[in-house]
Amino acid sequence: MTGTAEGRAFAEEYREAREIPRAGLADWRDAIAAAVDLTPGRTVLDVGAGTGAFASAFGDWFGVRVLAVEPSDAMRALIPDTPDIEVLPGRAEALPVPDGCADAAWLGSVIHHVSDPAAAARELRRALKPGAPVLIRNSFPGRCERDLRVRFFPETARIVDTYPTVEQIRTAFAAAGFPYVALRSVPQQSAANLAQFADRIRRDSDAKLRGITDDEFRRGMARLREAVAEDPDQPATSWMDLLVLA
């Protein structure tokens, strides 16, 4: 689907509905800066870069070069075309980059899509410089109660329960030479307010929402619209985990 008109439409919808506005990522910038020393001239490997929201943010925030690896043709086509971003087709298990080329790796909302985390960890060990960290931004089983979608669509927690656990990822990456460093939850503003968040929901572009029943989705939208009616300017704050391995 990725090279078809359908794939392009999905990528556009994904970017519109799922990308967090840059202003909503301030806490992520701080969390990343605390986890790794990124200065101009360094290189970040963005694995599963999607439509490039974080690839672009890394360049703007830290002045680094970004190697944006993404398997979807349609997603890659939407990654911003800037001198600081090199866009590459590929997957975590087979990275199209030289040995020891990057100072950090970023996996944003992608680890649950990786078919073989152990193989991905070995590839990252090859691609990263000695001591370079892997930063994994994701929802994890048992830790998603502050996800904004779980708040209004609680059945989506069962989708997260199918994802790899923190312990499973720690074990896979430790075997490749990436011991555990830290785990913390980071807030993000998914939209300017709850009303805008409700308006941006596109079920077809959200794997969690696609995984629940039509009735569960309708009930969740009713909860969300009720909350909007009570306080439309309520902040649309969601939380995800940052797992650091190095």
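The values are calculated or read from the model by the stated rules, or taken from the named source; none is laboratory data. Note that this is a predicted model, so its numbers are computed, not measured. Cβ sites come from the backbone with ideal geometry, for glycine too, and all protein chains shown count toward neighbours. What goes into the accessible areas is simple: the full protein's heavy atoms, side chains included, and nothing from ligands, DNA or RNA. Shrake-Rupley method; radii C 1.70, N 1.55, O 1.52, S 1.80 Å.
Things to note:
- Which listed residue, of 96, 83, is over 18 Å from the mean Cα position of the chain (by Cα), without any contact (Cβ under 8 Å) to a residue 24 or more places away in the chain and open to solvent by 30 Å² or more (accessible area, probe 1.4 Å): 83
- Residues that are touching a residue at least 24 places away in the same chain (Cβ under 8 Å) and either open to solvent by 70 Å² or more (accessible area, probe 1.4 Å) or in contact with a Lys or Arg (Cβ under 8 Å, 6 or more places away or on another chain) (or both), drawn from segment 167-178: 168, 170, 175, 176, 177, 178
- The residues of segment 111-128 that are open to solvent by 20 Å² or more (accessible area, probe 1.4 Å) and in contact (Cβ under 8 Å) with a residue 60 or more places away in the chain amount to a single one, 113.
- Residue list for segment 193-246, filter: in contact with a helix residue (DSSP H, G or I) (Cβ under 8 Å, 6 or more places away or on another chain), assigned to a loop (DSSP other than H, G, I, E, B) and either within 13 Å of residue 153 (Cα to Cα) or in contact (Cβ under 8 Å) with a residue 40 or more places away in the chain (or both): 201, 202, 206, 211, 212, 213, 233, 234, 235
- First in segment 16-45 and hydroxyl-bearing (Ser, Thr, Tyr), second anywhere and assigned to a loop (DSSP other than H, G, I, E, B), Cβ under 8 Å, 6 or more apart: 39/63; 39/64; 43/64; 43/101; 43/103
- Of the candidates 108, 131, the single residue that is of a type outside the set (A, V, I, L, M), surrounded by fewer than 20 Cβ atoms within 10 Å (Cβ to Cβ), in contact (Cβ under 8 Å) with a residue 60 or more places away in the chain and under 21 Å from residue 38 (Cα atoms) is 131.
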